[in-house]
1. Applying the Karplus parametrisation 6.51 cos²θ - 1.76 cosθ + 1.60 with θ = phi - 60° to the phi angles of segment 210-218, what ³J(HN,Hα) value in whole Hz is obtained for each residue in order, glycine and proline being reported as x?
2. What FRET efficiency would be calculated for the residue pair Phe103, Leu167, taking the C-beta separation as r and a Förster radius of 30 Å, to the nearest 0.05?
3. How far, in nm, would the chain grow between Glu11 and Arg368 when pulled straight, counting 0.36 nm per residue and subtracting the alpha carbon separation?
4. Looking at segment 421-508, which trypsin sites (Lys or Arg not before Pro) are DSSP coil and have at most 10 other C-beta atoms within 10 Å of their C-beta?
5. What nm value, rounded to one decimal, do you get for the distance between Met210 and Leu32 when each label is placed 7 Å out toward the C-beta?
Amino acid sequence: MHEEAIRREEEELKKLNQKPRRPEGWGYFLLLWYLLFYQPVITEVHLRRENIQFLFIRFSAWQYAGSDKLWAGLVSTLCHNIRQHFGALPLSFYHVMGKRPRFASGFSQGEWLVNKRTCFTLGGLVFVLMAGISLLSVALFVPGIKDYSMLKVLGSTSTTLSGSGILVTIFSVVKNLVISQKQRIEKMTDSEKFSSHLGFMSEVKKEIEMLTSFVYYMEVYQRRRLRIVLEITSLDMCYPERVVGVLNAINTLLSDTNAPFIFILVVDPSIIASCLEQTSSMKGMADNGYLFLNRTVTLPFSIPKMGIKSKLHHLHKAVQSREDLMYNIITQNVERGMKSVKGRTTKLVDMEASSEMDQSQIDAQAVRCIHEAFHTLHNATDCLCQYIPENIIQMRRIVNTIPITIRLMLQQNTRHTMSPRAVAAWVVMANQWPCRLSWVLQCLEDRQQIRPADEFRNQFLWEVFMENCKELYSMHKVLQNFLALDGDPELFEKFLSIDFPFTVQEADSFLNSTVNLDHSIRHKLGLIRGLNTLNKTNEEKKGPWILLPILVSHKNCKYKFGSHFSKPR
């Protein structure tokens, strides 16, 4: 958008040979003069202007998530950024003495009209002030007229009234200069009485209309179109009622047909739709959250699937951010090498030096393994690349986890069984399918408690999953929140069965160093599986006790049974 604005500016300059005005230097004082004495006119020439300037404002809803009036935070952020961009003094002048633009009548091309109201008012005040000062001077200093008290009264009265009018105007400008719109809106929201008043939203609407008309004024003055772009992020991390408030604020700001606002709503639609359906204030209006979003969003844009080049580019950038870790390790190795060179003869010092040399060797090997694992990640010819998620945050999680996992495995003396590519693949699997991986590990743990572990150490994890997947999918209603954490199930099958066929022995070696797998998921899966097994056992035991009374009744048997048969099942 910024590049497009620069291109249009150059084309407009070639077409009209008219530079836009900038409110800087002498242009700043010229703007104040226009604000005092002129009213802008929106002409056909102005509407045909193609040069445009974007003012970008970023609003993170998470910063105001704790407030009851999240939407007020959006409006106050808008007011604050516009005030900072154009300056507090021009906005204060416009608030007190400015006049909103009007549309041209007929074929008029004049873009400015004299603000007669301001001219007459200010001119009248100055005239009355000068007349009062003159009368007062004559009554005080001219001999022979000093005794006329009427002149003194008229002079002092006119001077006081005109001076008061000028002082009131100056006071209003200073007041708007000191107390911004953001502070006024925050003060209104803090008052419980006012926030419950019916006219609260109308007062906010007036502030927004004044801000909008000021932007129109600046459009005509600068000879370009202005658009305020608000980028709203982290809205899907807030409470449902707060989400509805922000969407209502957006609709309020866009209620004007020619509003100079563009909202970029960066959200997960599934979360926002669920919030709209849960909130009590939208019952009847948003029973279907997706329909409400379709009525609000005028240009939906779903991020398409990331290409292989883009994915490799972001992976490379994430890997480069870890170079600080490499530098620290190399620096520590140099320092340890310098310490070990110093002559020390005691046995204790020799043992410390040998341990430092061992640690330096581990660090050096860690550097090599981490580099090799990172090279595997952003290698386009390696099949591991297709399993890496497109989410940049998830990419960074994987890149940050790999060095920690490798260093933990090296510290546990498992370097003889460790392949950097296998470690990277294991980290990716734990990040992409935490529920299914936790289920496999829990099934292994349950089986190891019954049978010796050596019997199935060479068994593949995919075979273990296939043996127990029916039980997992039969409990999908109970485990739906855990299963929602996993990625594509078909990719999981291809990952474990074809590209990375991990064995039980390899899983045991990786497990103690796996830091990106939430072990609480595995613990809950174990509890749910245990309860499910217990219920099945109870059902099997109940079978004969349910059928026996029926058979006895059918045969008219006269045997007496225990009290547990006294009531029919």
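No lab work stands behind these numbers, since they all come straight from the coordinates. None of these values were measured; they are calculated from a predicted model. When we count neighbours, we look across all protein chains shown, and the Cβ atoms used for this are built from the backbone with ideal geometry, even at glycine.
1. Here the 3J(HN,Hα) series is 4, 5, 5, 5, 5, 5, 4, 4, 5 Hz.
2. Computed FRET efficiency for Phe103 and Leu167: 0.25.
3. Details: separation 357, 0.36 × 357 = 128.52 nm, distance 5.39 nm.
The span from Glu11 to Arg368 would gain 123.1 nm if fully extended.
4. On the way: sites: Arg421, Arg436, Arg447, Arg457, Lys470, Lys477, Lys494; in loops: Arg457, Lys477.
Counting only loop positions with at most 10 other Cβ atoms within 10 Å, the trypsin sites (Lys or Arg not before Pro) in segment 421-508 are Lys477.
5. 2.0 nm
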